[in-house]
Amino acid sequence: MAKGFTFKQFHVDDFGCGMPVSTDGVLLGAWAELSRHGQILDIGTGSGLLALIAAQRTAATAPQIVAIEIDPTAAKAANQNFTQSPWSTRLECIEQDVESWAARQPSGNFNTIVCNPPYFNSGLKADSQSRATARHTDSLSHPALLATIRHLLCDTGSANLILPEFEGRQLVKLAPAYQLSCRRLCEVRSTEKKPVSRLLITLSRQPGDRETEQLSIHHQGQYSEQFSALTRDFYLKL
């Protein structure tokens with residue numbers, strides 16, 4: 001049976017995708033800094049969740065959104081989800097690895113980049129090849145991702161990512177070697193008393209002070225006010 005997740009303005013069928021719809025994706029989509037001009041790029045779109053959230057958030061300004069996905073099953077699902085959404089004319093999914101695709105693109109062609117990237121640098125891989133590709137950096141190392149962002153991002157643009165805490169810290173330290181700086185950082189916890197589990201990161205080609213914030217997803221057994229305010233335009237029950 002096909003899986004899926006219905007949001008307030010769109011539905012995502014993620015059947016066969018390596019990484020199904022997750023809180024990580026919704027958090028990043030809701031938190032990301034999105035330009036009202038130019039093009040938006042979703043690297044490793046999977047089922048298309050981030051691209052669809054970006055389309056909803058920028059509906060009034062209607063920039064074009066390009067999604068790249070290496071896995072054929074996920075790319076097919078993303079295209080179907082795009083076609084069935086209210087923003088089908090603005091969304092395009094290209095089935096290809098992003099490094100090969102980016103090499104043929106003009107420098108600085110995108111105002112906004114969003115990416116929920118592969119994050120495991122080592123360890124056991126998932127039995128499913130599509131899940132392994134989505135989760136492990138063999139398919140897109142973080143240095144390769146940063147080089148791609150540096151090439152495709154315009155001078156005034158921003159790239160927005162979510163990573164586990166350890167991998168996120170490593171990527172932030174590596175970013176200056178690619179002439180990128182971390183301008184926004186959000187430390188995410190499941191509850192106030194738990195350690196940081198995820199980092200939301202905004203990278204820019206412009207140097208500047210870093211804005212750091214904290215977010216707890218749950219409070220006293222319910223979604224926190226901060227999480228609800230950030231995501232209520234998407235989740236049906238908020």
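The values are calculated or read from the model by the stated rules, or taken from the named source; none is laboratory data. Keep in mind that this is a model prediction, so the values were computed, not measured. No Cβ is skipped: glycine too gets one built from the backbone with ideal geometry, and neighbour counts run over all protein chains shown. Keep in mind that these areas ignore ligands, DNA and RNA; they rest on the heavy atoms of the full protein, side chains included. Shrake-Rupley method; radii C 1.70, N 1.55, O 1.52, S 1.80 Å.
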message: Helix-only estimate, please: 222 nm mean residue ellipticity of the chain, summing -39500 (n - 2.57) across DSSP H runs of length 4 or more and dividing by its residues, to the nearest 500.
response: -8000 deg cm²/dmol
- prompt: Residue separation times 0.36 nm, minus the C-alpha to C-alpha distance between Ala177 and Glu165: what's the value?
  reply: 2.3 nm
field: Taking the chain and dividing mean pair separation by its residue count, relative contact order in percent (alpha carbons under 8 Å, at least six apart)
entry: 18
Over the stretch 16-83: Kirkwood hydrodynamic radius from C-alpha pairwise inverse distances, Å: 12.1
- prompt: In the chain, what percentage of the DSSP-assigned beta bridges are antiparallel, given to the nearest 5?
  reply: 40
field: Thr191/Leu236 FRET efficiency (R0 35 Å; Cβ-Cβ; nearest 0.05)
entry: 0.95
- prompt: What whole number of Å gives the distance from the Cα centroid of the stretch 1-56 to the Cα centroid of the stretch 172-188?
  reply: 23
task: Sticking to Cα atoms, compute the Rg of the stretch 1-120 to one decimal and its Dmax as the biggest Cα-Cα distance, whole number, in Å.
output: 13.1, 42
- prompt: For the stretch 151-204, what ratio Rg/Rh do Cα atoms give with a Kirkwood hydrodynamic radius?
  reply: 1.03
- prompt: Across every pair of different alpha-carbon atoms, what Kirkwood hydrodynamic radius in Å does the stretch 142-238 reach?
  reply: 14.5
message: Give me the 1.4 Å probe accessible area per residue for the stretch 30-106, excluding ligands and nucleic acids, in Å².
response: 40
message: Give the lysines whose C-alpha is closer than 26 Å to that of Lys8, dropping any in the same chain fewer than 8 places away, or say none.
response: Lys76, Lys237
- prompt: To the nearest 10 Å², what's Phe234's accessible area with a 1.4 Å probe?
  reply: 10
query: Could you give the accessible area per residue of the stretch 161-238, probe 1.4 Å, as a whole number in Å²?
result: 57
message: If I compute solvent accessible area with a 1.4 Å probe over the protein chains, what percent of it on the chain is carbon and sulfur?
response: 49
- prompt: With a ≥ b ≥ c the root eigenvalues of the C-alpha gyration tensor of the chain, is it rounded (a/c under 1.5), prolate (a/b larger than b/c) or oblate?
  reply: rounded
- prompt: Out of Pro195, Pro164, Pro176, any idea which swings most in a Gaussian network model of the chain, alpha carbons joined below 10 Å?
  reply: Pro195
